[in-house]
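Here is the structure we will look at, set down as structure tokens.
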Ligand code: VG1
Ligand code: CO
């Protein structure tokens, strides 16, 4: 690519700034997430960006190319300018950035792949609240478009612990409000910045993956709602559903990207998207979907707010591959789910004879399997669904995938689920989150459970709730994963109580919180009844005895003082 007349201009100076390490710059399940104020401290973001560049690009740093984009939350623009200045000073030669620093997480993954860039920075704390008092986050993605694997995130952390200086071009100013290419002379080189339409490439890609005309025809007689929750998906939804598919503008809710997401949690679940649930309960709509701050999560609802658990959503898509043109064209070798995600997917895999992998929580663990062609569809119980079209989970993709299934089958969401359960049985699933407990209480709870699983007496035990419902232990461990592609080992990924007949309790500490600890308890049970009406049973009712056992066994009340979870999904 040729660069535009910068010859006459004086080069931007590069400075080396002395710094010292900050504690706790360890990327969690998905990047580094902290309160905005933490990122605003002098040198804090700079240190992390410098470490990301060195760990992520190594020898390739000089002359490399990067994508930059974020979910529009407070501090995104400032962070984007910092990345440009630091990348330029480190010899990066090309940056592709969404206009105004906007790119959804899946769109950024697509941009890295499409433009064949060496990596990228995604500026988001995902579903965590934003604004001056909310959270910010930075995530480094590699050249496959996916989150950096643990080898790199560990290296980033190591560098942040001993960093003494970073490089910056402090006077470099790039206008990211206007689309187009600009060239900047930097002492020792040139940086090209391409400001792109954040939406267009992604929308073009969705048109390749799905049959837009079929979906549009189906939607003609339907009433649907798509809720951006004032996160990044607003402009994507408007382009796809209003401009392309001609839905009325009122179909897309909360589409303005707000730096504080309107003061809410941009988290698509029954608790934080309860306003959408209430509208759906009125029965005027056939389908709804909501998305998180950075656009990688999705929640799917049917008529009268019929809730599709993310575990079932994944299994249904796996069982209906023929409805999605992309899968028809490229084929599907196998599936994967995160460990706590229910085994509904495994039942589909078994029936159709495809591989099914179980990885630790976090999308970064799917990347190697996708790159090696082992899996093409995967998901997590945490409202994450996606395929190998990019290397991030993809909320809008999931909504389009569901609409493709509905259009193909001409059935309601509920009927699709009932059919599915009739064929495969039903995996009931629920997650209890205890947010913001003290780090000590969280650590103690996990220690206690670790001791318990090592106690030979626990093995072979039968656990009962006060009503006498009992479950026989089959297997106990702290989940450990060996990546089948690169052999890397990830330990301590969650305590598992696996009982007979498909019942499970799993305990983990969250790796995305910005302070204190969040305890997650995942509970699953299986029912293979032939009575279709039985499948309408409430998950909470079905799982109640196991939930009681899960809470008691962990001594959660004693250790945290909490009676009730913050969020139930
Ligand atoms: C949570 C979810 C996990 C997901 C991660 C990032 O992590 O459980 O499945 O991959 O968030 O999603 P944790 O460690 O808090 O349980 V997102 O949309 O926040 O990037
Ligand atoms: Co997200």
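Which condition from (1) surrounded by 24 or more Cβ atoms within 10 Å (Cβ to Cβ); (2) at pLDDT below 95 is the one that residue 69 breaks?
(2)
Can you tell me which of (1) touching a strand residue (DSSP E or B) at 6+ places or on another chain (Cβ under 7 Å); (2) part of a helix (DSSP H, G or I); (3) buried (at least 20 other Cβ atoms within 10 Å of the Cβ) is the one residue 235 doesn't meet?
Every listed condition holds for residue 235 apart from (1).
Going through the range 124-140 one residue at a time, which ones are touching a helix residue (DSSP H, G or I) at 6+ places or on another chain (Cβ under 6 Å) and under 16 Å from residue 295 (Cβ atoms)?
Within the range 124-140, just 130 meets the criteria.
Could you pull out every one of the strands (runs of 3 or more DSSP E) wholly within the range 287-400 that has 2 or more residues that are within 16 Å of ligand 2 (Cβ to nearest atom) and in contact (Cβ under 8 Å) with a residue 12 or more places away in the chain?
287-291, 298-302, 377-380, 384-387
Only one residue in 270, 247 is in contact with a strand residue (DSSP E or B) (Cβ under 8 Å, 6 or more places away or on another chain) and buried (at least 20 other Cβ atoms within 10 Å of the Cβ). Which one?
247
Of the residues that make up the range 339-352, is at least one more than 21 Å from residue 426 (Cβ to Cβ), touching a strand residue (DSSP E or B) at 6+ places or on another chain (Cβ under 7 Å), at pLDDT 95 or above and within 16 Å of ligand 1 (Cβ to nearest atom)?
No; the residues of the range 339-352 include none that is more than 21 Å from residue 426 (Cβ to Cβ), touching a strand residue (DSSP E or B) at 6+ places or on another chain (Cβ under 7 Å), at pLDDT 95 or above and within 16 Å of ligand 1 (Cβ to nearest atom).
This table checks each residue for (1) modelled with pLDDT of 90 or more; (2) surrounded by fewer than 21 Cβ atoms within 10 Å (Cβ to Cβ).
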{"residue": "490", "(1), (2)": "yes, yes"}
{"residue": "496", "(1), (2)": "yes, yes"}
{"residue": "504", "(1), (2)": "yes, no"}
{"residue": "512", "(1), (2)": "no, yes"}
{"residue": "524", "(1), (2)": "yes, no"}
{"residue": "530", "(1), (2)": "no, yes"}
{"residue": "533", "(1), (2)": "no, yes"}
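Tell me the strands (runs of 3 or more DSSP E) entirely within the range 434-536 that contain at least 1 residues that are more than 22 Å from residue 344 (Cβ to Cβ), touching a helix residue (DSSP H, G or I) at 6+ places or on another chain (Cβ under 8 Å) and without any contact (Cβ under 8 Å) to a residue 40 or more places away in the chain.
470-478
Within the range 389-422, which residues are farther than 18 Å from residue 233 by Cβ and within 14 Å of the chain's Cα centre (by Cα)?
Scanning the range 389-422 gives a single hit, 391.
Rundown of residues vs (1) over 29 Å from residue 385 (Cα atoms); (2) at pLDDT 95 or above; (3) out of contact with any strand residue (DSSP E or B) (no Cβ under 8 Å at 6 or more places or on another chain); (4) away from ligand 1 (no atom under 16 Å from the Cβ), yes/no style:
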residue: 16; (1), (2), (3), (4): yes, yes, no, yes
residue: 20; (1), (2), (3), (4): yes, yes, yes, yes
residue: 56; (1), (2), (3), (4): no, yes, no, yes
residue: 65; (1), (2), (3), (4): no, yes, no, yes
residue: 103; (1), (2), (3), (4): no, yes, no, no
residue: 113; (1), (2), (3), (4): no, yes, yes, yes
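The values are calculated or read from the model by the stated rules, or taken from the named source; none is laboratory data. Keep in mind it's a predicted model, so treat the numbers as computed, not measured. In this analysis, Cβ positions are derived from the backbone assuming ideal geometry, glycine residues included, and neighbour counts consider all displayed protein chains.
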